[in-house]
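The values are calculated or read from the model by the stated rules, or taken from the named source; none is laboratory data. Every value quoted in this text rests on a predicted model; they were computed, and no experiment measured them. A quick note on method: Cβ atoms are made from the backbone with ideal geometry, for glycine too, and the neighbour counts reach across all protein chains shown. Calculation scope for accessible area: heavy atoms of the full protein, side chains included, ligands and nucleic acids excluded. Shrake-Rupley method; radii C 1.70, N 1.55, O 1.52, S 1.80 Å.
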Amino acid sequence: TFRTVLSSFCACIHFRHYLDQVAEETNDKLQETGQVKISDLCKTYDLPGDFLKQAFSSRLGKIIHGEIDQDNRGVIFTEAFVTRHRARIRGLFSAITRPTAVINLITRHGFQEQLLYSVLEELVNSGRLRGTVVGGRQDKAVFVPDIYARTQSSWVDSFFKQNGYLEFDALLRLGIPDPVNYIKKRYKSLQLLFLKTSCVGQEIMDQVEASVDEAINSGTWVDIVPLLPSSLSIEDASMLLQQVMRSFTKQPSTLVFSDTMVVSEKFINNCAELFNDLMHQKAEKEMKSNPVHLISEEDLKQSFLIENASSSKKDKKDERRKKANGRKVRSLPAG
């Protein structure tokens, strides 16, 4: 039993010595390259990854002069390597002036992916980098510098102030991926009408409403398309007019033609009156060139009386014929 315990103790000491040797070799490689992947060490020493991580965790700072990435525990870095990459990342992202896909920078400059995201998040949160990372830690992640966001917002505010509307496609071209939500968040205190391709402010809605009101009260008509920005579609104009017409439900009757034209009933009646004389003249001319017999109410009465008289005569005639046939039958000799 003593030999067994002694043998196990010696084996344990030998194995610990072996792990120390592995750690020393790993540290040599780490100081040379700046980073070491646990997966590569598993292949070299034919040991499980979890076992190596556990073995190295007690030797970090003693034999292995480096640190394990907390977001990717399969990699060990030296402090010099992290410092060098932090400086490169800070310099590169400080020079960016427009939205840039992070994955493109990783590929182009050979950054370690998890390390870059960790350092980038640290720099942004500490304020060393002015910007935001949209999309999280994935292939679609995009870094948007504050200078671009400020320029972007300034353009949007200026355009909306001058024109009273915002076109969704224009915001997409600016690099705003969700124009509708962006507008709702930025102008949450304003009353905006969201259409198919754009959104319009109260000023444009008031202008259209005033034109419709004038057309109704003056007994005329109005097409709202010339009143709107040229970038708005017919569908946009139709949606806008539907919204405006809700204010005129108690007004005199109106009709909407071709989705964008409002016509007062008074205007339609006035137009119809202009054709009264013309229609009478046309009717008289038609009668003279193609005469037809018009049947009056008196003619209908006469026709009805004649028809009844004719029907009565026919009935009497049929009755006399029946009586004559009856007499002939009675006068025949008996068989």
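Ordering 133, 159, 107 by Cα displacement along the dipole of region 67-168 toward the positive end leaves 159 in first place; charges were set at the Cβ atoms of Lys, Arg (+1) and Asp, Glu (-1).
The heavy atoms of residue 221 present about 120 square angstrom of accessible area, all protein chains included, probe 1.4 Å. Would you mind checking region 122-144 for residues with the amide N under 20 Å from a putative spin-label position 7 Å along Cα→C-beta of residue 79? It comes to 122-123, nothing else. Close amide H partners of residue 131, meaning residues 5 or more places away or on another chain with modelled amide H under 5 Å apart, are 146. Couplings for region 14-30, taken from phi via the Karplus curve 6.51 cos²θ - 1.76 cosθ + 1.60 with θ = phi - 60°, read 4, 5, 5, 5, 5, 5, 4, 5, 4, 5, 5, 5, 5, 5, 4, 5, 5 Hz in order; Gly and Pro are left as x. In sequence order, region 229-244 has phi-based couplings of x, 5, 6, 6, 7, 4, 5, 4, 4, 5, 5, 5, 5, 4, 5, 5 Hz under the Karplus curve 6.51 cos²θ - 1.76 cosθ + 1.60, θ = phi - 60°, and Gly or Pro positions carry x. Of the three principal axes defined by the Cα atoms of region 136-262, the extents in descending order read 61, 25, 24 Å. With 23 Å as the limit, the listed pairs 161/185; 37/140; 29/53; 140/188; 43/140 have 37/140; 140/188; 43/140 beyond it between alpha carbons. Ranked from largest to smallest solvent-accessible area, with a 1.4 Å probe on the protein heavy atoms, 46, 139 come out as 46, 139. When the residues 14, 65 are ordered by accessible surface, computed with a 1.4 Å probe over the protein chains alone, the sequence from largest down reads 14, 65.
Using a probe of 1.4 Å on the protein chains alone, the accessible area found for residue 214 is around 130 Å².
In whole angstrom, note down how far apart the Cα centers of region 16-50 and region 268-283 are. Answer, in whole Å: 101.
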